[in-house]
Amino acid sequence: MSLSRRLSDALVWALCGLALLLVIIPTVDIIVGIVVQSAPSWSWKLLTTPTHGVAGGLQNAILGTIVLIVGTVVVAGFVGVLGGIYLAELSGQRTGALLRFFSEVLAGIPSIVIGYVGYVALVITLGWGFSMLAGVLALSIMIMPYIMKTTEASFRQIPNTYREAYVALGLPRVVGLQKVLLPPAIPGVLTGLVVALAIAMGETAPLIYTAGWTNALPPHQLTHQPIAYLTYVVWAYTNQPFAQSHALANSAALSLIILLLVLILASRLMSWQSRRFTTRMQA
Amino acid sequence: MRRESAAESGSLVKAATTARELGVVLMLDRALVAAGWIGAVLPTVVLLLIVVFLVHSAFSSVLYNGLHFLTGTEWNLGNLYVSTTTVRNGVKAAQGASYGALPLILGTLLSSIIALVIGVPIAVASALVIVERLPRGWSVPFSVALELLAGFPSVVYGLWGLIVLGPFLAHHIYPTVARVLGFIPFLGGQTGSGLGLLTSGIVLAVMIIPIVAATTRDLLAQVPPPTREGALALGFTGWEAARLVSLPWIRAGVFGACILGWARALGETMAVLMVSGSAANTIPSNIYGPVSTIAATIVALLDSALTDPTGLAQSALAEAGLLLFLITFGSNILARVILRRAGGTALPVGRGI
């Protein structure tokens, strides 16, 4: 082998290794940077006191985030799972392709556009004001196509022999779906829902003008009361000119990363479970 | 005998219940189909509602601004404190109002293109070295990094860009780049505070890397081993086998992932809002200068737009949003057409997670 070919081979792989470092270093740097910035001011009291003016704690934001993302996954999950089952098992091919295409277009709408429409349509025109319901609906519109897609995919990976089996047994379709197809699909569907929680948790743009912001704990009514959430703290408190605001923004970012890690771990456990199902199906 | 009859009557009872249940089952079946249909149609309905709403809201802005919207460089709500209004094409506007989105359009396109130019080579190269060169165990930290990068909220990227990356680049990287590569147009000159076009592009690059790299990794793993082994047996070096066998094999899928990443970079709001330097009405003179994008402008100006009694400011933001939607929609369609011609695998879908 000529020297130049061997040299260029080594050079290219060295560059590829460098690229690998450029993927891993920012990941580590983001986590380390935020931990270092928030470590001096982190205290467990943050979790039990709400924000107050330019500082305070994160209780209202953490609880608000949990309320918003759980609400979103309930609403979008209901629609998305039903729609996904329909696309995978019940729809005709051409209708399915069309509906899938539009759902993908919806998934591609920039989140701020959804925020704009939510603001003008729900908050102003319908008069809901900054509210939990407006925030949940804006997030649900974003998340719905994703849940539909993961649900459809987890039903489609079930081998056709399963469907033939319940038809051969003379089981009605509903029973077949519930007893034969649902159990192996459930881990995949749940993984999708957990990842949807993570996506919803990280969103800011659709919430700024729909959920609003408040120092109070999450309200007991759906409309006319704003609700707090973590990503807002990261954004808005960074813009404040005070050191304690910046510390709070960093702590909020750290809380988001910790929540993200928990959700990733949960989705990992579930996809591991779903892989066990898949191997059992193939056996 | 008794047992037999018992069994018989048991099965008769069972048959009777099944018959009674059959009606219920049929009803359930119909209910499931109906509910599933509603669920599957809802995204389409919501999409249509959003588009109709945007077009309706943007209508007066389109009439008032015409093509000036695409070519003008000044975004100005006009004087809101005097009651006199200007009327053009039947649309009332505050005096002196001007809505030119060219700086925003340029900021959006340039920052996302920079993100692709930086992010795609890094993503593809890192996936290549993980799949084809390094021992299998190395892929674990890589996968974890990709999953985290895909999952970080965009405000976390914004915060990182603002307090860590931006200052670092401004102090240690940009001055050197400007000095060494200053002869290339737009790379020389003042490097500024570290918040601007190039920093936005770099942060966006980090955000699209997980989309492209994860797809490339999964596709590379699907390349049939015999083709690559054949190339190696013919005396190809590892890089030649990758360049001439593996990469052409997965080209279409990687291209699809790039378009998906581009769409994400185009629509990204918060991270860009935090690291772009939020320039209003200026086109930067070089790559380091402050910019603004369509998405960031909608967030920044929606509040004040409501103070315009003529409603035109709000309508102009709707037109900007519609334009952003059309750009991402167009890129999606383009990717599909090209992929169908190339006969490649389907376009990956999602928000990058």
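The values are calculated or read from the model by the stated rules, or taken from the named source; none is laboratory data. What you are looking at is a predicted structure, and each value in this text was computed from that prediction instead of being measured. Here the Cβ is made from the backbone with ideal geometry for all residues, glycine too, and neighbour counts use every protein chain on show. Surface accessibility is based on the protein's heavy atoms, side chains included, excluding ligands, DNA and RNA. Shrake-Rupley method; radii C 1.70, N 1.55, O 1.52, S 1.80 Å.
Mind checking which aspartates and glutamates have their Cα closer than 20 Å to the Cα of residue A:149? Skip sequence neighbours fewer than 8 apart in that chain. Answer for residue A:149, where 20 Å is the Cα cut-off: A:89, A:104, A:203, B:147, B:218, listed by chain and number.
Taking every protein chain into account, the accessible area of region B:102-342 amounts to 39 square angstrom per residue (probe 1.4 Å). In this simple spin-label approximation, residue B:48 and residue A:4 carry label points 7 Å from Cα along the Cα→Cβ vector, and these lie 6.3 nm apart. Ordering A:135, A:101, A:177 by Cα displacement along the dipole of region A:44-282 toward the positive end leaves A:177 in first place; charges were set at the Cβ atoms of Lys, Arg (+1) and Asp, Glu (-1).
Here, chain A is characterised by an Rg to Rh ratio of 1.08, where Rg is the alpha-carbon radius of gyration and Rh the Kirkwood radius. Of the residues A:113, A:73, A:23, the one that moves most in a GNM of chain A with alpha-carbon contacts below 10 Å is A:23. The phi-based Karplus calculation (6.51 cos²θ - 1.76 cosθ + 1.60; θ = phi - 60°) puts the 3J(HN,Hα) values of region A:41-47 at 9, 6, 8, 5, 5, 4, 6 Hz, whole numbers, x for Gly and Pro.
I'd like the distance separating the alpha-carbon centroids of region B:68-87 and region A:75-105, in whole Å. Using only Cα atoms, the two centres lie 44 Å from each other. A cut-off of 5 Å between modelled amide H atoms, ignoring neighbours fewer than 5 places along the same chain, links residue B:78 with B:98. At an R0 of 41 angstrom, the distance between the Cβ atoms of residue A:66 and residue B:35 translates into a FRET efficiency of 0.90. Beyond 11 Å, the tail of the calculated P(r) for region A:183-227 holds 72 percent of the Cα pairs.
Note on region B:297-338: the alpha carbon radius of gyration divided by the globular reference 2.2 N^0.38 Å gives 1.54. Taking a label point 7 Å from the Cα of residue B:232 along the Cα→Cβ vector, which residues of region B:122-161 have an amide N closer than 18 Å to it? Answer for region B:122-161: B:127-139. For the pair region B:177-241 / region A:171-238, the C-alpha centres are spaced 34 Å from each other. The protein assembly as shown: percent of C-alpha pairs farther apart than 32 Å? Roughly 54 percent, once rounded to a whole number. Amide H contacts of residue A:216 (H built 1.01 Å from N, in plane; Pro and chain starts excluded): no residue 5 or more places away or on another chain comes under 5 Å. Between residue B:133 and residue A:41, the simple spin-label model (points 7 angstrom out along Cα→Cβ) gives 4.2 nm.
Computed from the C-beta positions of residue A:54 and residue B:306 and an R0 of 35 Å, the FRET efficiency is 0.90 to the nearest 0.05.
Going 7 Å from the Cα of residue B:326 along its beta-carbon direction, which residues of region B:48-74 have the amide nitrogen within less than 16 Å of the resulting point? Answer for region B:48-74: B:51-72. Couplings 3J(HN,Hα) for region A:4-19, derived from phi with the Karplus relation 6.51 cos²θ - 1.76 cosθ + 1.60 (θ = phi - 60°), are 5, 5, 5, 5, 5, 4, 4, 4, 5, 5, 5, 5, 5, x, 4, 4 Hz, where x marks Gly and Pro.
Working from Cα pairs under 8 Å separated by at least six residues, relative contact order for region A:44-282 is 29 percent. 3J(HN,Hα) along region A:94-109: 6, 4, x, 4, 5, 4, 4, 4, 5, 5, 5, 4, 4, 4, x, 5 Hz, from the Karplus curve 6.51 cos²θ - 1.76 cosθ + 1.60 with θ = phi - 60°, whole Hz, x for Gly and Pro.
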